[in-house]
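Student: My questions will all concern the structure given below.
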Amino acid sequence: GWQASMKSMSLSYILPCNRLPMQLMSQVRVYTSNGQKKDLGSEDTNGSTAEETLHKVGTGSQDTTNAGQKQSFIKEPIQVKVKAVLKKREYGPKYTQNNFITGVRAINEFCLKSSDLDQLRKIKRRSPHDDTETFTVYLRSDVEAKSLEVWGSPEALARERKRRKEAEIKYRENLFRNQRLLREYKEFFGNTKPRSSAAAMFFKGPGKVVMVAICINGLNFFFKLLAWVYTGSASMFSEAIHSLADTCNQALLALGISQSARTPDPSHPYGFTNMRYIASLISGVGIFMMGAGLSWYHGIIGLLHPHPIESLLWAYCILAGSLVSEGATLLVAINEIRRSARAKGLSFYQYVVQSRDPSTNVVLLEDAAAVLSVAIAATCMGLTSLTGNPYYDSVGSLGVGTLLGTVSAFLIYTNTEALLGRSIQPEQLQRLTELLESDPVVRAIHDVKATDMGMSKVRFKAEVDFDGRVVTRSYLEKQDIEQLLQEIQQVKTLEELEAFMLKHGENVIDTLGAEVDRLEKDLKQRNPDVRHVDLEIL
């Protein structure tokens, strides 16, 4: 190897060799294993130069390495940072006793009186309801302690709960009996109360269309039945059955409309609006079973066992009257659907296919089928009267049955789709999404679902990623910043820091809840169809 050294002032440059790496040093201190140190870069006691001393050090380090010993060199001081971490808490049943309970639940679940709650601690909390801003809650531990104080033991409380449950069942039975007696009383003495909202539904909109259809189809059934008895025509029998099926189905629609107006109850929190779709579905099945089935049956019997038909003059007259009446009902249904479709911004075809108003849809399709079936029956009966061949009349019965089967299949399909819970239109969903994303407190939304619950009622659900900085700033805007700064400056210990964070952390969570309520209110105000909003926090 080779080595060259140059010395300038107190700085020594050592070129690399096979024994010692290149180092830049102004002063080197070597610590030996016994704790003594030697200064390199200045002359030692023997008058040796820095180069000689360094050479000795290199040689000595090589010997030490061969001997299996490690040489320690200069190291920077190690700075260790100790992180203060709060002890992890175990939240057991004792901590959950701080849960809140409303006064209604306290009275019902723990068999207490309102006077018993007056002595307990009252806490004002943010209300989950739109009509109130705050409401009073109680600590569950206080309520449990009060119930034990009132009843003496958990066993006595359980017995009281059982007794009240039995009393509630008996009360419901008596209520049902009293309601029946009240109805009998009204029927006997007359009802002088104003017309209810359920009855008023049948004087406008879909209810009016259904009631008109019931009256007209009932009259048509009666006269067609007389014509069939007089003539024995298979087509006339199909028409009579068709009118009977329409009358029964529209009576079922009227029942569905009245039931859909019922107010929500604990068993049905989202109401009874789907009763219209259920009634329309059953109506479609009824058309298939009664109308199409009997028409096919009578047509097949006429083909297998043909018999001559009597005078068809009265049948033609009744069919003409039926054509006029069914056409009038059809026009009423068309006008109602046009008005509703215009209000929703949809075309006539879209409104019908999407089954926005199932009751009016059924009337529309039934009356359209009735007009076409009258035309089919009149044509086949005319051919029979001209040719004297009864097979044409039987073929007309089969044609009416096929038409009714097609209508029933369409009604079953559209109402089943509505009951399954279909999504709203993509344009409307996009508007709801943009409204949420344009709010400063929202970073992003995920898993958006908007379901049409029927009768222009939408349920909206989304998972929202909130901006914690905006939520915290919203909380700070309502606080006295100078007082908050003083509280921060007074924090000296970990316990005081924990108490400070717990206090304001709970308030920040309440602010987040208020922001959720605000977003839900905005969605409902700007989109009246949205009745139920569920925003989940990511």
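The values are calculated or read from the model by the stated rules, or taken from the named source; none is laboratory data. Since this is a predicted model, take the numbers as computed values, not measurements. Positions of Cβ are backbone-derived with ideal geometry, glycine not excepted, and every protein chain shown enters the neighbour counts. Accessible surface areas use protein heavy atoms only, side chains included; no ligands, DNA or RNA. Shrake-Rupley method; radii C 1.70, N 1.55, O 1.52, S 1.80 Å.
Student: In the list 234, 292, 245, 251, which residue meets the criterion of being farther than 15 Å from residue 400 by Cα and of a type in the set (Gly, Ala, Ser)?
Tutor: Only one candidate passes the filter, namely 251.
Yes/no per residue for (1) of a type in the set (Ser, Thr, Tyr); (2) outside the structural domain of residue 275 (by the TED database):
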| site | (1), (2) |
| --- | --- |
| 381 | no, no |
| 385 | yes, no |
| 396 | no, no |
| 399 | no, no |
| 403 | no, no |
| 431 | no, yes |
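Student: For region 385-423, give me each residue that is open to solvent by 10 Å² or more (accessible area, probe 1.4 Å), of a type in the set (S, T, N, Q) and closer than 30 Å to residue 305 by Cβ.
Tutor: 385, 387, 389, 402, 406
A quick yes/no check of all residues on (1) assigned to a helix (DSSP H, G or I); (2) open to solvent by 40 Å² or more (accessible area, probe 1.4 Å):
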| site | (1), (2) |
| --- | --- |
| 492 | no, yes |
| 503 | yes, yes |
| 506 | yes, yes |
| 511 | yes, no |
| 515 | yes, no |
| 518 | yes, yes |
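Student: In addition: Contact list please: Cβ distance under 7 Å, first residue in region 331-357 and in a helix (DSSP H, G or I), second residue at pLDDT 85 or above and of a type in the set (D, E, K, R), pairs at least six apart or on different chains.
Tutor: 348/338
Student: Follow-up question, since we're still on this one. Here are some residues: 365, 304. Which one is aliphatic (A, V, I, L, M), surrounded by fewer than 21 Cβ atoms within 10 Å (Cβ to Cβ) and free of Cβ contacts under 8 Å to residues at least 60 places away in the same chain?
Tutor: Exactly one of 365, 304 is aliphatic (A, V, I, L, M), surrounded by fewer than 21 Cβ atoms within 10 Å (Cβ to Cβ) and free of Cβ contacts under 8 Å to residues at least 60 places away in the same chain, namely 304.
Student: Follow-up. Would you check if residue 271 is at positive phi and buried (at least 17 other Cβ atoms within 10 Å of the Cβ)?
Tutor: So residue 271 passes the test.
Student: Further question on the same structure: Considering only region 274-289, I want to know if a residue exists there that is farther than 20 Å from residue 416 by Cα and not basic (Lys, Arg). Walk me through how you get there before you give the answer.
Tutor: Within region 274-289, the subset farther than 20 Å from residue 416 by Cα is none.
Scanning region 274-289 turns up no residue that is farther than 20 Å from residue 416 by Cα and not basic (Lys, Arg).
Conditions (1) aliphatic (A, V, I, L, M); (2) open to solvent by 30 Å² or more (accessible area, probe 1.4 Å); (3) at pLDDT below 80, marked per residue:
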{"residue": "320", "(1), (2), (3)": "yes, yes, no"}
{"residue": "324", "(1), (2), (3)": "yes, yes, no"}
{"residue": "332", "(1), (2), (3)": "yes, yes, no"}
{"residue": "356", "(1), (2), (3)": "no, yes, yes"}
{"residue": "374", "(1), (2), (3)": "yes, no, no"}
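Student: Here is a follow-up. Scan region 350-380 residue by residue and report those that are among the acidic types (Asp, Glu) and more than 11 Å from residue 407 (Cα to Cα).
Tutor: The first filter runs over region 350-380 and keeps only residues among the acidic types (Asp, Glu), leaving 357, 366-367.
Once the filter is applied, which keeps residues that are among the acidic types (Asp, Glu) and more than 11 Å from residue 407 (Cα to Cα), region 350-380 yields only 357.
Student: Which of the residues that make up region 520-538 are surrounded by fewer than 14 Cβ atoms within 10 Å (Cβ to Cβ) and assigned to a helix (DSSP H, G or I)?
Tutor: Passing the criteria: 521, 525, 526.
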